[in-house]
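**Student:** Structure provided below as structure tokens; questions to follow.
The values are calculated or read from the model by the stated rules, or taken from the named source; none is laboratory data. Because the structure is a prediction, the values reported are computed rather than measured. All Cβ positions, glycine included, derive from the backbone under ideal geometry; neighbour counts span all protein chains shown.
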Amino acid sequence: MIIRKLFKFENAHIVRNCISKRCSQSIHGHSYKVELFFKSDTLDRGQMVYDFGLTKLTIKELIDSFDHAITLWSKDNPEYLKDMKKWSRRWIEIPVNPSAEQFARIFFVMVDHVLNQTIMVNEEKNVTIDSVIVHETDTGYAKCDRFDAYNEKMIPIDLKEIIFSEGIKEEWTDSLMWDKLLKGEMFINPKEI
């Protein structure tokens, strides 16, 4: 069975090397919608695949990190990167160009790691991320599944190469959340929300 959870955020970026001059040469923003599709072949004690309330913890905080932030490609011009970091408290540096396609892959890999490092407490079993859809506009989106997320031909997503600004980390419930995820520390779902 598959369930879906929708998240929204506002984000700015430049997508270098694309055809459109507006996108590749000017900072611009979008009202993003991110759909996460979770699947399992069994149900928990509440007869659910995964309680939607649990997505409001680490998963929501990670996606919300992109809200009112600028996303920067680590291979962009060093002077541009320095200036954006200087003038914005909320920025994320990623190892890939910040297109809708790469956002979908990044969110897939992030959520996959969170789920793999979560101790389930309500008899949830085999809960995985099935796919992610990132709507960049009302008329366009990118969809990513497991094959796409880990496809070496599309530039590997290494979570260690994603950097969140201190301004973002300060807003997390646990400012060390990202460090813990990278170290493989386990997250424990609460028994009650």
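Residue by residue, here is whether (1) at pLDDT below 95; (2) within 15 Å of F9 (Cβ to Cβ); (3) more than 13 Å from the chain's Cα centre (by Cα); (4) of a type in the set (V, I, T) holds:
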position: N77; (1), (2), (3), (4): no, no, yes, no
position: E93; (1), (2), (3), (4): no, no, no, no
position: Q102; (1), (2), (3), (4): no, no, no, no
position: N122; (1), (2), (3), (4): no, no, yes, no
position: T128; (1), (2), (3), (4): no, no, yes, yes
position: R146; (1), (2), (3), (4): no, no, yes, no
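**Student:** Please pick out the residue among I106, I70, I129, I59 that is farther than 30 Å from P190 by Cα and crowded, with 21+ Cβ neighbours inside 10 Å.
**Tutor:** Sole residue among the options that is farther than 30 Å from P190 by Cα and crowded, with 21+ Cβ neighbours inside 10 Å: I70.
**Student:** Which condition number in (1) closer than 18 Å to I162 by Cα; (2) in contact with a strand residue (DSSP E or B) (Cβ under 8 Å, 6 or more places away or on another chain); (3) touching a residue at least 40 places away in the same chain (Cβ under 8 Å) is the one that R89 fails?
**Tutor:** With respect to (1) closer than 18 Å to I162 by Cα; (2) in contact with a strand residue (DSSP E or B) (Cβ under 8 Å, 6 or more places away or on another chain); (3) touching a residue at least 40 places away in the same chain (Cβ under 8 Å), R89 is out only on (2).
**Student:** Mind listing just one residue for me: the one in segment 28-56 that is assigned to a strand (DSSP E or B) and among the hydroxyl-bearing types (S, T, Y) and, of those, surrounded by the most Cβ atoms within 10 Å (Cβ to Cβ)?
**Tutor:** Of everything passing the filter in segment 28-56, Y32 is surrounded by the most Cβ atoms within 10 Å (Cβ to Cβ).
**Student:** Restricting segment 1-27 to residues that are under 18 Å from D83 (Cβ atoms) and part of a helix (DSSP H, G or I), which is nearest to the chain's Cα centre (by Cα)?
**Tutor:** Applying the filter and picking the extreme gives S24.
**Student:** Can you work out which of the residues in segment 168-183 that are outside any loop (DSSP other than H, G, I, E, B) and of a type in the set (D, E, K, R) is nearest to R89 (Cα to Cα)? Before the answer, list the steps.
**Tutor:** Keep residues of segment 168-183 that are outside any loop (DSSP other than H, G, I, E, B), which gives 168-169, 177-183.
Now drop any that are not of a type in the set (D, E, K, R), which leaves 169, 179-180, 183.
Details: K169: 10, D179: 19, K180: 22, K183: 25 Å.
By that ranking, first place goes to K169.
**Student:** If you don't mind, there's one more thing I want to ask. Please work out if R16 is modelled with pLDDT of 95 or more, surrounded by fewer than 20 Cβ atoms within 10 Å (Cβ to Cβ), of a type in the set (D, E, K, R) and over 16 Å from V132 (Cα atoms).
**Tutor:** yes
**Student:** A follow-up question, please. Among (1) crowded, with 19+ Cβ neighbours inside 10 Å; (2) more than 18 Å from D76 (Cβ to Cβ); (3) without any contact (Cβ under 8 Å) to a residue 60 or more places away in the chain, where does R146 come up short?
**Tutor:** (1)
**Student:** What tally of residues in segment 73-88 results from selecting those that are loosely packed, with under 14 Cβ neighbours inside 10 Å, in a helix (DSSP H, G or I) and of a type outside the set (K, R)?
**Tutor:** Adding up the residues that qualify gives 4.
**Student:** So, in segment 142-167, how many residues would count as being in a loop (DSSP other than H, G, I, E, B), touching a strand residue (DSSP E or B) at 6+ places or on another chain (Cβ under 6 Å) and of a type in the set (V, I, T)?
**Tutor:** Looking only at that region, the number is 1.
**Student:** While we're looking at this one, here's another question. Given the conditions (1) touching a residue at least 12 places away in the same chain (Cβ under 8 Å); (2) farther than 30 Å from L43 by Cβ; (3) β-branched (V, I, T); (4) in a loop (DSSP other than H, G, I, E, B), and given that T139 satisfies all but one, which numbered condition is not satisfied?
**Tutor:** Checking T139 against (1) touching a residue at least 12 places away in the same chain (Cβ under 8 Å); (2) farther than 30 Å from L43 by Cβ; (3) β-branched (V, I, T); (4) in a loop (DSSP other than H, G, I, E, B), the one that fails is (1).
**Student:** Ok, one more. Might you check whether a residue that is assigned to a strand (DSSP E or B), acidic (D, E) and touching a residue at least 12 places away in the same chain (Cβ under 8 Å) occurs anywhere in segment 116-127?
**Tutor:** no
**Student:** Can you tell me which residue in segment 160-181 is farthest from Q102 (Cα to Cα), limited to those that are within 14 Å of the chain's Cα centre (by Cα) and surrounded by 15 or more Cβ atoms within 10 Å (Cβ to Cβ)?
**Tutor:** Per the stated criteria, the residue is M177.
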